[in-house]
Amino acid sequence: MPTAKHPAVLKAVFEEASRLIAAGGIPTEILAAPRSAYRYFSRDYVTLRPDGVFPKQAANQALIVRDSAGTNRFSGAPGIAGVPDWGGLYCSTQQQAQINELRHYARKEVVNPTMVNRGLAAPMKVPVNGQGFPHAGAALNLKCIVQIQIMGAFTAADLSAHNPGARRFLDRVGAATPVISALRAAGLPARSLWDHMCDGDDCSVARGIGLAVGNTPFLSALQATTVRPSDRSSEESGDHLVCFGRNGQTIPNLFVEKAYVFPISGPPVEVPVGF
């Protein structure tokens with residue numbers, strides 16, 4: 001998981017981003033029906049009824065915030081006084097973003113079948129192709145993906161790559177003297193705050209931005225481009241949607257419409273969700 005390696009940078013970014021957001025400086029988008037989002041979780045939590053239906057009560061577990069004390073990119077514990085913690089429910093508004101994230105984290109979960117066949121007692125978990133990505137079928141087979149319908153309208157901060165205002169907002173945050181000083185004191189390389197936000201290992205800037213959005217009453221979510229690359233094409237990216245809330249809270253205005261499970265070979269299987 002990404003970590004915020006520089007709490008002082010996180011705090012400086014949080015404070016400047018909060019100031020600019022209060023002044024109306026962050027680009028936003030109103031999200032409403034019929035938009036959909038996608039979220040994956042472990043197949044271990046999928047138990048179907050005898051009629052093949054995924055019970056709504058179980059499926060709705062995918063809508064509960066669980067990470068306000070954790071270490072996700074845009075949410076979690078700040079690690080420094082004066083910055084509130086917020087949890088986030090992470091979805092993707094494009095399927096390719098969800099697949100890129102899934103395959104990135106599946107590197108540690110996919111077991112090499114050759115080692116199992118050799119009878120090793122503790123088979124190593126290893127990538128299965130030359131680019132360091134597990135085979136798509138093996139990665140997906142471990143997960144269930146739910147399709148989530150956005151029901152009621154809400155406002156999200158839009159820091160995705162296709163919004164030209166996103167980089168302008170990050171540039172303004174990065175130009176603030178306290179942010180410049182914090183970056184220098186941390187010994188971080190001189191680059192745009194956009195690049196710092198998209199850092200695949202250090203989420204100090206990303207979490208500072210995310211917690212500022214989460215702490216803003218009129219913003220419910222953050223839309224941002226995935227930082228996880230595709231092993232097929234640099235054009236296969238897509239956006240994430242992070243809905244902010246407290247641990248144990250179910251995010252409102254979202255409805256689990258259907259679920260998909262994935263055999264090792266063959267097409268995905270659509271699973272109905274019902275009461």
Whichever residue in segment 90-114 is farther than 28 Å from residue 272 by Cβ and surrounded by fewer than 19 Cβ atoms within 10 Å (Cβ to Cβ) and, among such residues, is modelled with the lowest pLDDT: 114
Does residue 26 count as touching a strand residue (DSSP E or B) at 6+ places or on another chain (Cβ under 8 Å) and part of a helix (DSSP H, G or I)? no
Please specify each residue of segment 56-72 satisfying the condition of being touching a residue at least 24 places away in the same chain (Cβ under 8 Å) and surrounded by 14 or more Cβ atoms within 10 Å (Cβ to Cβ). 59, 60, 62, 63, 64, 65, 66, 67, 68, 70, 71, 72
Scan segment 225-234 and give yes if some residue there is at pLDDT below 95, of a type in the set (Gly, Ala, Ser) and buried (at least 20 other Cβ atoms within 10 Å of the Cβ), otherwise no. no
Which of (1) in contact with a Pro (Cβ under 9 Å, 6 or more places away or on another chain); (2) within 20 Å of residue 9 (Cβ to Cβ); (3) at pLDDT below 90 does residue 70 not meet, given it meets every other one? (1)
Being outside any strand (DSSP E or B) and surrounded by 14 or more Cβ atoms within 10 Å (Cβ to Cβ) is the filter here, so list the residues in segment 261-275 that pass it. 262
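With the condition kept exactly as written, say whether any residue in segment 30-47 is assigned to a helix (DSSP H, G or I), under 25 Å from residue 169 (Cα atoms) and not hydroxyl-bearing (Ser, Thr, Tyr).
Scanning segment 30-47 turns up no residue that is assigned to a helix (DSSP H, G or I), under 25 Å from residue 169 (Cα atoms) and not hydroxyl-bearing (Ser, Thr, Tyr).
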Residues located in segment 169-218, provided they are assigned to a helix (DSSP H, G or I), surrounded by fewer than 17 Cβ atoms within 10 Å (Cβ to Cβ) and without any contact (Cβ under 8 Å) to a residue 60 or more places away in the chain: 171, 177, 180, 184, 195
Kindly evaluate residue 13 against the criterion of being farther than 25 Å from residue 76 by Cβ and surrounded by 15 or more Cβ atoms within 10 Å (Cβ to Cβ). no
I'd like to know if segment 73-89 contains one or more residues that are surrounded by fewer than 18 Cβ atoms within 10 Å (Cβ to Cβ), part of a helix (DSSP H, G or I) and not hydroxyl-bearing (Ser, Thr, Tyr). no
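Residues checked against (1) under 30 Å from residue 163 (Cβ atoms); (2) at pLDDT 90 or above:
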{"position": "236", "(1), (2)": "yes, no"}
{"position": "241", "(1), (2)": "yes, yes"}
{"position": "244", "(1), (2)": "yes, yes"}
{"position": "251", "(1), (2)": "yes, yes"}
{"position": "257", "(1), (2)": "yes, yes"}
{"position": "261", "(1), (2)": "no, no"}
{"position": "264", "(1), (2)": "no, no"}
{"position": "275", "(1), (2)": "no, no"}
Being of a type in the set (A, V, I, L, M) and either without any contact (Cβ under 8 Å) to a residue 40 or more places away in the chain or farther than 13 Å from residue 241 by Cα (or both) is the filter here; which residues of segment 21-31 pass it? 21, 22, 23, 26
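The values are calculated or read from the model by the stated rules, or taken from the named source; none is laboratory data. Every value quoted in this text rests on a predicted model; they were computed, and no experiment measured them. In this analysis, Cβ positions are derived from the backbone assuming ideal geometry, glycine residues included, and neighbour counts consider all displayed protein chains.
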